[in-house]
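Engineer: Sharing a structure here in structure tokens format.
The values are calculated or read from the model by the stated rules, or taken from the named source; none is laboratory data. These numbers come from a predicted model, not from an experiment. Ideal geometry is used to build each Cβ from the backbone, glycine not excepted, and the neighbour counts take in all protein chains shown. What goes into the accessible areas is simple: the full protein's heavy atoms, side chains included, and nothing from ligands, DNA or RNA. Shrake-Rupley method; radii C 1.70, N 1.55, O 1.52, S 1.80 Å.
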Amino acid sequence: MLTNTMATADTASTPLLPEPWHTHLQSALAPDESIEAWLTLDLDDTLRFSDSVLVLTGRQLIACATDGQIAAWPLDAAFELHAHDHAGVGSLTLQNETARQAIWRFTLTQNPAALRFCRRFDQILDALREGREAGPVPAVLCAQCHAPLPPDEDDCPACSGSIDQPPSTWTLFRLWRFAKPYKGQLLIGFLLTLAATGATLVPPYLTMPLMDNVLIPYQNGQQIDTSLVVLYLGGLLASAVVAWGLGWMRTYILALFSERIGADLRTTTYDHLLRQSLEYFGNKRTGDLMARISSETDRICVFLSLHALDFATDVLMIIMTAIILASINPWLALVTLVPLPFIAWLIHLVRDRLRTGFDKTGRVWGEITSVLADTIPGIRVVKAFAQEKRESERFREANRVNLEANDKLNRVWSVFSPTVALLTEVGLLVVWAFGIWQVANNDITVGVLTAFLAYIGRFYGRLDSMSRIVSVTQKAAAGAKRVFDILDHASSVPEPTNPIHLKGVKGQITLANVGFRYGNRAVLRDVDLVIQPGEMVGLVGHSGSGKSTLVNLMCRFYDVSEGAIRIDGVDVRSVPVGEYRKHIGLVLQEPFLFFGTIAENIAYGKPEATRDEIVAAARAAHAHEFILRLPQGYDSLVGERGQGLSGGERQRISIARALLIDPKILILDEATSSVDTETEKEIQKALDNLVRGRTTIAIAHRLSTLRKANRLVVMDRGRIVEEGDHDTLIERGGFYWRLYEAQQRQVEGEALTPSLTPSMPNAHTAGVDAEPTLK
Amino acid sequence: MTTQAMDFTLSRDAFGHLSLTDAAGERHDHVQVVRAFPIAAPDEGISLLSADGHELAWITHLDQTDPATRQLIDETLAARDFMPVLQRLKSVSSYATPSTWAVDTDRGPTRFVLRGEENIRRLPGEMLMIADEHGIQYLIKSLPALDAHSRKLLDRFL
Ligand SMILES: Nc1ncnc2c1ncn2[C@@H]1O[C@H](COP(=O)(O)OP(=O)(O)OP(=O)(O)O)[C@@H](O)[C@H]1O
Ligand SMILES: [Mg+2]
């Protein structure tokens, strides 16, 4: 779907043929023969990956294989070049009126280039037939920003992001973007941390004089100096109290701050998610997205509030301790550092494994949520087919995978922590040994050694907790990656760079040569349609013929793959999405109600609507009376997805919702398919008043619904096959006539045996929208 | 359903399209051949569709066709079926998506861009289906049968 739509304008220079093709082709070209177009083919006849090239000159079409072998077709006025594609493979067929001359194949990667090649071929052949010179190559415009594209490029340098950005290893630092607004608090927090850490380092320092000036002299027979003891103990107490106070303040401020970052991250991600196109949601699993936004952001938040903080404290503490140690006795300090390199090495070993492990558990967690998000909404189907056991099995399986991933992780992790502890114990041992030796040599006093050991206890303790943070950091980094995955995804329905603002929409819709594909499946081809302001157009056709898809394109849920859609002559891609959709009232084939009251649901598109407006819209949609029959009237709560209302009731509420925003363009996709004929007639009457002055596009299988339409457009397999009003189409005796006849027969059949054949006009309308995603 | 003594004949026209003449002697041009289960059972359930997508004939198993028809069907399918079987994953540009993969397939080496992890789908029987950004589908027939290096790379995305 990355294929850019291109409009032609102006001119561009002929692209240069790259090597080695250029050399291969030299012999085949006359000296004055210039290359008009070329196309790299990445598949051979047997559909194996292999490069070759197809070159078009003013006189011939030349295919040059990988090995330089050349085949040429001198241009003939009878030649036609056709492009097709199926399941990811495109083909170009060269044929004249009697037979196929050649066929070339390529992957869809080359599709835009191939279409360009075909266009150029047609231009040259047209010129040949009319016996004139073919003009220069028309330049191609980017579909999004309307800048001319470089001749041999398909992606617009101006607006396309590069697709293959390497992820930054420092994903966590990207969180800075969210921390920035809280710079001040962060700074205060940091200063407090510094002070608090400093305060906790005072007590061990005081053990030194306590030992050397009080205890040791006492052991040697001197009297204890009480005032000195009071002083030192007072110092210990004071530093403890100060450390407590500072620590409290710091933790509070930083926790506040990280909570806010977490909230910002969550809401920003959600906002970004909401702006994605339907294509994005179609490809993602709901549960996975939910897991990313809820639990991953929470992980990051916990990391920031608890662990990042601890980590900073640890680092500070270690640096300060190291400085103090070195100032007391550099040699002893050096010995203390012995386990450090080992620990660093260990961390290095374990880090990558942990990160990939956590990344994996994150994905697996998404899978678990997905199973829930799949099953709970579909619970009726599960129960109807008695598949509880199978769903439970599926959930158990997801959990098993989760256990497996976690077990693997825990194996690594469980070795790591004790190993660090062991290393620090050994370090302590070394310091003892070295210290005793130094005391014996009278290099240091017992007090110094005691202070040292007190410090080292903390130092190693910190090392231990710091190494523990490896796991949390990796967890947060993996989470951050998954969150930024969402944030980095540019919407495939992008906001225009140079938006054009619509003033007073008239409601003319033009579809020019529209083509659309879902993935590799072409669903719409060459759709040309102009809908005049105020006109009501009925779209009819078999199920799956692309009616809903066409409507999706008009609403800009997706962007066209080829061609353009214009509103009042302006390409919809250059209008800001939100602004554009304000003018559209849409009633979907599958009505969706949010959790809330009926009034809220009706006013969804216009929250500021007054009660009178809501009631008026409900009346118009013939929902008023049934709403009043509910115990709480308009204040009745409807459950998720409108459970508790019938299909027809839900449809009427969604009609009311569309009517309330008073849109210039009204789109009704099977809006009345679930109501009985009687009610439909009444809604129809109401709609008849409302469609006046609005451009209306109505899709219906029950053709009688469309009797008021100015024009009927008949679709079949992604193309418009017939157009005209009911009478003309019936007269023509074509596609529409057949549809109509079939329905008439059904209606007559019903009339004869009303009790046996209940009206089931909707039997075959279970559209794609209604199906659960099986991705 | 359709009897195996086939009640239709196939032929190819000068444009390379298949034509089918049914038992009633009616001729259908532009016939398409599709597999009903291209992954699960490629040789079972072959359907011949008319240009407007209606089924003209159903072949329960390819074995049940006569050699000439079989050849026509095989040729047509060969030019249409494109699902490279991924045999080895040589390298990936990054562990975060989008990521460019260099792979060996049964149709030769190639590269493609994987847009998101959700484009890797598990199929029954340890099979995986990977869709690239252009919708080309790569099949991994058996995950455990891949070499260790490929498995290790792939594991980062599963
Ligand atoms: N999200 C999607 N991904 C892939 N294919 C899709 C998707 N949505 C629709 N299609 C396919 O596109 C074709 C047209 O679908 P569309 O929903 O437009 O049909 P429709 O004319 O509205 O049918 P109905 O009358 O049943 O509602 C169908 O063949 C359908 O399978
Ligand atoms: Mg539909």
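Engineer: Kindly provide the set of residues from segment A:203-226 that are open to solvent by less than 50 Å² (accessible area, probe 1.4 Å) and among the aliphatic types (A, V, I, L, M), ordered by number.
Structural biologist: Passing the criteria: A:Leu206, A:Met208, A:Leu210, A:Met211, A:Val214, A:Ile216.
Engineer: Restricting to segment A:679-721, name every residue that is open to solvent by less than 20 Å² (accessible area, probe 1.4 Å), in a strand (DSSP E or B) and touching a Lys or Arg at 6+ places or on another chain (Cβ under 7 Å).
Structural biologist: Result: A:Thr695, A:Ile699, A:Met715.
Engineer: Any residue that is within 14 Å of chain B (Cβ to nearest Cβ), out of contact with any strand residue (DSSP E or B) (no Cβ under 8 Å at 6 or more places or on another chain) and either open to solvent by 70 Å² or more (accessible area, probe 1.4 Å) or modelled with pLDDT under 80 (or both) - is there at least one of those in segment A:728-737?
Structural biologist: Checking segment A:728-737: not a single residue is within 14 Å of chain B (Cβ to nearest Cβ), out of contact with any strand residue (DSSP E or B) (no Cβ under 8 Å at 6 or more places or on another chain) and either open to solvent by 70 Å² or more (accessible area, probe 1.4 Å) or modelled with pLDDT under 80 (or both).
Engineer: I would also like to ask the following. What about A:Arg566, is it assigned to a strand (DSSP E or B), within 15 Å of ligand 1 (Cβ to nearest atom) and not acidic (Asp, Glu)?
Structural biologist: Against the criterion (assigned to a strand (DSSP E or B), within 15 Å of ligand 1 (Cβ to nearest atom) and not acidic (Asp, Glu)), A:Arg566 does not qualify.
Engineer: In segment A:693-702, is there at least one residue being without any contact (Cβ under 8 Å) to a residue 60 or more places away in the chain and either within 14 Å of another protein chain (Cβ to nearest Cβ) or away from ligand 1 (no atom under 16 Å from the Cβ) (or both)?
Structural biologist: No, because not a single residue in segment A:693-702 is without any contact (Cβ under 8 Å) to a residue 60 or more places away in the chain and either within 14 Å of another protein chain (Cβ to nearest Cβ) or away from ligand 1 (no atom under 16 Å from the Cβ) (or both).
Engineer: Now for a different question. Checking the conditions here, which among A:Ile655, A:Ile667 is touching a strand residue (DSSP E or B) at 6+ places or on another chain (Cβ under 6 Å) and assigned to a strand (DSSP E or B)?
Structural biologist: When all the criteria are applied, what remains is A:Ile667.
Engineer: Does any residue in segment A:530-551 that is within 16 Å of A:Glu590 (Cα to Cα) come within less than 8 Å, Cβ to Cβ, of a residue that is near ligand 2 (Cβ under 9 Å from one of its atoms) and assigned to a helix (DSSP H, G or I) six or more places away or on a different chain, and which pairs are these?
Structural biologist: If the second residue must be near ligand 2 (Cβ under 9 Å from one of its atoms) and assigned to a helix (DSSP H, G or I), the pairs left are A:Gly544/A:Val768; A:Ser548/A:Val768; A:Ser548/A:Asp769.
Engineer: Looking only at residues that are within 12 Å of another protein chain (Cβ to nearest Cβ) and at pLDDT below 80 in segment A:486-517, which one is nearest to the chain's Cα centre (by Cα)?
Structural biologist: The residue in question is A:His489.
Rundown of residues vs (1) within 27 Å of A:Leu453 (Cβ to Cβ); (2) aliphatic (A, V, I, L, M); (3) surrounded by 18 or more Cβ atoms within 10 Å (Cβ to Cβ); (4) at pLDDT below 80, yes/no style:
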residue	(1), (2), (3), (4)
A:Ile188	no, yes, no, no
A:Leu228	yes, yes, no, no
A:Phe257	no, no, yes, no
A:Gly262	no, no, yes, no
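Engineer: State all residues of segment A:710-727 that are of a type in the set (Gly, Ala, Ser) and either within 38 Å of the chain's Cα centre (by Cα) or within 16 Å of ligand 1 (Cβ to nearest atom) (or both); if no residue qualifies, say none.
Structural biologist: Hit for segment A:710-727 is A:Gly718, nothing else.
Engineer: Quick check on A:Ala603: is it touching a helix residue (DSSP H, G or I) at 6+ places or on another chain (Cβ under 9 Å), closer than 30 Å to A:Ile567 by Cα and free of Cβ contacts under 8 Å to residues at least 60 places away in the same chain?
Structural biologist: The answer is yes for A:Ala603.
Engineer: Right, here's the next one. Within segment A:555-598, work out how many residues are open to solvent by 20 Å² or more (accessible area, probe 1.4 Å) and either within 16 Å of ligand 2 (Cβ to nearest atom) or hydrophobic (A, V, I, L, M, F, W, C) (or both).
Structural biologist: Adding up the residues that qualify gives 10.
Engineer: Something else about it: Looking only at segment B:62-105, which residues are among the acidic types (Asp, Glu) and more than 9 Å from chain A (Cβ to nearest Cβ)?
Structural biologist: B:Asp63, B:Asp66, B:Asp74, B:Glu75, B:Asp104
Engineer: Considering each of A:Leu706, A:Leu659 in turn, give the residue that is within 16 Å of ligand 1 (Cβ to nearest atom) and within 19 Å of A:Met554 (Cβ to Cβ).
Structural biologist: Within the list A:Leu706, A:Leu659, the selection yields A:Leu706.
Engineer: If I ask for residues that are of a type outside the set (Gly, Ala, Ser), open to solvent by less than 20 Å² (accessible area, probe 1.4 Å) and either away from ligand 1 (no atom under 14 Å from the Cβ) or part of a loop (DSSP other than H, G, I, E, B) (or both), which ones from segment A:512-545 would you list?
Structural biologist: A:Leu529, A:Ile531, A:Met536, A:Val537
Engineer: A further question follows. Within segment A:111-120, identify whether any single residue is at the interface with chain B (Cβ under 10 Å from one of its Cβ atoms), out of contact with any strand residue (DSSP E or B) (no Cβ under 9 Å at 6 or more places or on another chain) and of a type outside the set (A, V, I, L, M, F, W, C), and answer yes or no.
Structural biologist: There is no residue in segment A:111-120 that is at the interface with chain B (Cβ under 10 Å from one of its Cβ atoms), out of contact with any strand residue (DSSP E or B) (no Cβ under 9 Å at 6 or more places or on another chain) and of a type outside the set (A, V, I, L, M, F, W, C).
Yes or no, residue by residue, for (1) of a type in the set (Val, Ile, Thr); (2) touching a residue at least 12 places away in the same chain (Cβ under 8 Å); (3) surrounded by fewer than 18 Cβ atoms within 10 Å (Cβ to Cβ):
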{"position": "A:His22", "(1), (2), (3)": "no, no, yes"}
{"position": "A:Trp38", "(1), (2), (3)": "no, yes, no"}
{"position": "A:Thr57", "(1), (2), (3)": "yes, yes, no"}
{"position": "A:Ile62", "(1), (2), (3)": "yes, yes, no"}
{"position": "A:Ala87", "(1), (2), (3)": "no, yes, yes"}
{"position": "A:Arg100", "(1), (2), (3)": "no, no, yes"}
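Matching residues to (1) more than 13 Å from every other protein chain (Cβ to nearest Cβ); (2) open to solvent by 40 Å² or more (accessible area, probe 1.4 Å); (3) modelled with pLDDT under 85:
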site	(1), (2), (3)
B:Leu18	no, no, no
B:His30	no, yes, no
B:Ile39	no, yes, yes
B:Ala51	no, yes, yes
B:Trp58	yes, yes, no
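Engineer: Here is a further query. For segment B:106-118, give me the residue count where each residue is facing chain A (nearest Cβ under 7 Å) and either in contact with a Pro (Cβ under 6 Å, 6 or more places away or on another chain) or open to solvent by 30 Å² or more (accessible area, probe 1.4 Å) (or both).
Structural biologist: 4
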